[in-house]
Amino acid sequence: MANTSTIAAPVVTVKASKPKRAPLVTRSTLNTIAKNLIPPVVVLIAFLVIWELLCSRPGAGLPPPSRVVTEAWDLIVDPFYDNGGTDKGLFWHILASIQRVALGFALATVMGILVGTLIGQSEWAMRGLDPIFQVLRTIPPLAWLPLSLAAFRDGQPSAIFVIFITSIWPIIINTAVGIRNIPQDYRNVSAVLRLNPLEFFAKIMLPSAAPYIFTGLRIGVGLSWLAIVAAEMLIGGVGIGFFIWDAWNSSHISEIIVALVYVGLIGFVLDRFVAFVGTLVTRGTATA
Amino acid sequence: MTYLSIENVGISFTRAGRTNEVLRDVSVKIEKGEFVSLIGHSGCGKSTVLNIVAGLLKASTGGVLLEEKEVNSPGPDRAVVFQNHSLLPWLTVRENVALAVDKVFKGKKSKAERNAWIDHNLSLVNMTHAADRRPSEISGGMKQRVGIARALAMEPKVLLLDEPFGALDALTRAHLQDSLMDIHARLKNAVIMITHDVDEAVLLSDRIVMMTNGPSATVGEILTVDLARPRRRLDLVEDPTYTHARAAVLEFLYARHAKPAMAA
């Protein structure tokens, strides 16, 4: 009798604790989700309400959110349509813009890291190149466009060049700082091991400077996205910038607003994506 | 024939037009398998001597001969264990050792042999269990052991230790000193160790090189520690040779070459 009761007791507690534990975990996760989600949702709703109130008056310059949704409903529900030419869904415009950014930004990453390494390693190169770069980097992205159109005689490579020239400066500067901050100890280790310059670059420099490089890449991708919208307004073709300009010319203000929401969201995603890759790559270094 | 010979080494640094002589006429001869400590007050140029032997600094006068050949650049035959371990934080313990082994033995050992050699060196310092952890995830004593494993894995002719246990607590330090004695007994490398710990110097060394204070520091005295190996710290506490050697070093450091600028 005594035995059976002692055996039965733990069975009961195990059974009781299991279903109890599961909802406890979900409740706490729900709590944290709610804590992070409720404030932005409340603020967003408040913002939309104020906007609706301000723009519902007759004679208002901008449409209220309710009209934006009804007018641009086709655009919102079907981003994938393709009627040929430039009459495509927002997805295709965004895709074209992202492709340009990806190409220009990739070129800027490779060149920026190489040039940044050179400047970080060589006092002479820094003295020679730094003043030039400090002047060039203050040139607004769009000011490069006429020059690149003249050089390439085509919109597509010109847009890519504008992305490249816009995003390369923070990559160069941050890489150079990262290279200059490599601890002497790591250089000593590589000297004792007799690493050749290529091995030193790949095995010591890049990982050691990675946190700095990714800071530069994050700034760079943000600037690229700023520049592409403006550049596409001028060069035309398919792309979110052209879409916005086209909508303005046809007085489709609601479409512009929808496109702007997309532009903001994609910019946010790009920034987070680069940051995410950065945390993956610099796992060890950051905690050094 | 001397194995490693530091001959009349002097070094001066010039900064802003002012020349500052750090070392003058440092000469030490070290035999194969010998364990030599460099001891002296901080700032006397001990690390500079070690860096010259390592090839990381160039002597202004004199030079270093290893097996009759002049040393003038760093290399794996003079592996260094740095004071602050200098492990690469983005590599695991094993990868840190592998970096050295793969570089030094590329073409001399097969991939499998190199892997076995990495494992062997990790087990030599009892770090096999943490092979896949990163430096930030292990203790200071463990990092220093990995640093030693990395240096030993290069099969150096001379092992250079720059205050290897300086940043560790007393218990960990004692433990690592014992491991180092074991390893030295097995491998019989020539070792030069910098230390500021008198007990450590006497316990580990065959000879202790005592340096005078800088500027223009040089070798003040060389003391031979005539104690049989293996040495055990507990047996040595009352040993007259040990206490005598300890007293001699203390006397040199605090009576004859006390640091003059301490008050300032």
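The values are calculated or read from the model by the stated rules, or taken from the named source; none is laboratory data. Predicted, not measured: the structure shown is a model, and the values here were computed from it. Quick reminder, even Gly has a Cβ in these numbers, built from the backbone with ideal geometry, and neighbours come from all protein chains shown. Just the protein is used for accessible areas: all its heavy atoms, side chains included, with ligands, DNA and RNA removed. Shrake-Rupley method; radii C 1.70, N 1.55, O 1.52, S 1.80 Å.
The residues of the range B:178-196 that are of a type in the set (S, T, N, Q) and buried (at least 19 other Cβ atoms within 10 Å of the Cβ), listed by number, are B:ASN189, B:THR195. Could you figure out which of (1) closer than 21 Å to B:SER123 by Cβ; (2) within 14 Å of chain A (Cβ to nearest Cβ); (3) open to solvent by less than 10 Å² (accessible area, probe 1.4 Å) isn't true of B:PHE165? The number of the failed condition is (2). Of the residues A:ILE163, A:ILE204, A:ILE179, A:ILE171, the single one that is open to solvent by less than 10 Å² (accessible area, probe 1.4 Å) and without any contact (Cβ under 8 Å) to a residue 40 or more places away in the chain is A:ILE204. Taking the range B:200-229 as the range and being open to solvent by 60 Å² or more (accessible area, probe 1.4 Å) and either modelled with pLDDT of 90 or more or among the β-branched types (Val, Ile, Thr) (or both) as the test, the residues that pass are B:ILE222, B:THR224.
Restricted to the range B:230-243, and to residues there that are open to solvent by 90 Å² or more (accessible area, probe 1.4 Å) and of a type in the set (D, E, K, R), the residue that is nearest to B:ILE208 (Cα to Cα) is B:ARG232. Among residues of the range A:251-268 that are touching a residue at least 24 places away in the same chain (Cβ under 8 Å) and closer than 12 Å to A:LEU75 by Cα, those with a Cβ under 8 angstrom from a residue that is open to solvent by 20 Å² or more (accessible area, probe 1.4 Å) and not in a helix (DSSP H, G or I), sequence gap 6+ or separate chain, pair up as A:ILE257/A:LEU62. Put simply, of B:ARG150, B:ARG145, B:ARG134, B:ARG78 the only residue that is open to solvent by less than 60 Å² (accessible area, probe 1.4 Å), more than 9 Å from chain A (Cβ to nearest Cβ) and charged (D, E, K, R) is B:ARG145.
Taking the range A:238-287 as the range and being of a type in the set (Val, Ile, Thr), closer than 30 Å to B:SER136 by Cα and away from chain B (no Cβ under 14 Å) as the test, the residues that pass are A:VAL274, A:VAL277. Residue pairs whose Cβ atoms lie under 9 Å apart, separated by 6 or more positions or on different chains, with the first residue in the range A:185-201 and closer than 10 Å to B:PRO74 by Cβ and at the interface with chain B (Cβ under 7 Å from one of its Cβ atoms) and the second assigned to a helix (DSSP H, G or I) and open to solvent by 30 Å² or more (accessible area, probe 1.4 Å), are A:ASN188/B:ASN51; A:LEU193/A:GLU199; A:LEU193/B:LYS103; A:ARG194/B:LYS103.
Tell me, please, whether a residue that is away from chain B (no Cβ under 13 Å), of a type in the set (Gly, Ala, Ser) and closer than 26 Å to A:ARG127 by Cβ can be found in the range A:214-237. The answer is yes, given that some residue of the range A:214-237 is away from chain B (no Cβ under 13 Å), of a type in the set (Gly, Ala, Ser) and closer than 26 Å to A:ARG127 by Cβ.
A:GLU255 falls short on exactly one of the conditions (1) open to solvent by less than 30 Å² (accessible area, probe 1.4 Å); (2) over 30 Å from A:LEU114 (Cα atoms), and that condition is (1). Selection over the range B:59-75 of residues that are within 14 Å of another protein chain (Cβ to nearest Cβ) and more than 19 Å from the chain's Cα centre (by Cα) gives a count of 0. The single condition among (1) more than 14 Å from chain A (Cβ to nearest Cβ); (2) on the phi < 0 side of the Ramachandran plot that B:ASN8 does not meet is (2).
Please verify whether the range A:171-180 includes one or more residues that are more than 25 Å from the chain's Cα centre (by Cα) and closer than 30 Å to B:GLN83 by Cβ. Yes; the residues of the range A:171-180 include at least one that is more than 25 Å from the chain's Cα centre (by Cα) and closer than 30 Å to B:GLN83 by Cβ.
Given the range A:40-122, what helices (runs of 4 or more DSSP H) lie entirely inside it while holding 2 or more residues that are touching a residue at least 24 places away in the same chain (Cβ under 8 Å) and more than 24 Å from the chain's Cα centre (by Cα)? So the answer is A:65-71, A:90-121.
The residues of the range B:46-67 that are touching a helix residue (DSSP H, G or I) at 6+ places or on another chain (Cβ under 6 Å) and open to solvent by less than 20 Å² (accessible area, probe 1.4 Å) amount to a single one, B:VAL64.
Residues checked against (1) surrounded by fewer than 18 Cβ atoms within 10 Å (Cβ to Cβ); (2) over 24 Å from A:PHE243 (Cα atoms):
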position	(1), (2)
A:TRP92	no, no
A:LEU103	yes, no
A:THR109	no, yes
A:MET126	yes, yes
A:ALA151	yes, yes
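In this structure, is B:VAL104 crowded, with 18+ Cβ neighbours inside 10 Å and within 21 Å of B:SER179 (Cα to Cα)? It would help to see each step written out before you state the result.
Numbers: crowded, with 18+ Cβ neighbours inside 10 Å: yes; within 21 Å of B:SER179 (Cα to Cα): no.
No.
Looking at the range B:82-99, can you tell me whether even one residue there is more than 10 Å from chain A (Cβ to nearest Cβ), under 18 Å from the mean Cα position of the chain (by Cα) and not hydrophobic (A, V, I, L, M, F, W, C)? Checking the range B:82-99: not a single residue is more than 10 Å from chain A (Cβ to nearest Cβ), under 18 Å from the mean Cα position of the chain (by Cα) and not hydrophobic (A, V, I, L, M, F, W, C).
Inspection of the range B:29-45 finds no residue satisfying the criterion of being crowded, with 17+ Cβ neighbours inside 10 Å, within 14 Å of chain A (Cβ to nearest Cβ), touching a Gly at 6+ places or on another chain (Cβ under 9 Å) and not aromatic (Phe, Trp, Tyr). Give me the pairs: first residue in the range B:246-264 and modelled with pLDDT of 90 or more and of a type in the set (A, V, I, L, M), second residue crowded, with 17+ Cβ neighbours inside 10 Å and in a helix (DSSP H, G or I), beta-carbon distance under 8 Å, and six or more apart or on different chains, which are they? Qualifying pairs under 8 Å: B:VAL249/B:VAL198; B:VAL249/B:ALA201; B:VAL249/B:VAL202; B:LEU250/B:VAL198. Only one entry in A:ILE244, A:ILE213, A:ILE235, A:ILE219 is modelled with pLDDT of 90 or more, buried (at least 18 other Cβ atoms within 10 Å of the Cβ) and closer than 30 Å to A:TYR81 by Cα, namely A:ILE244.
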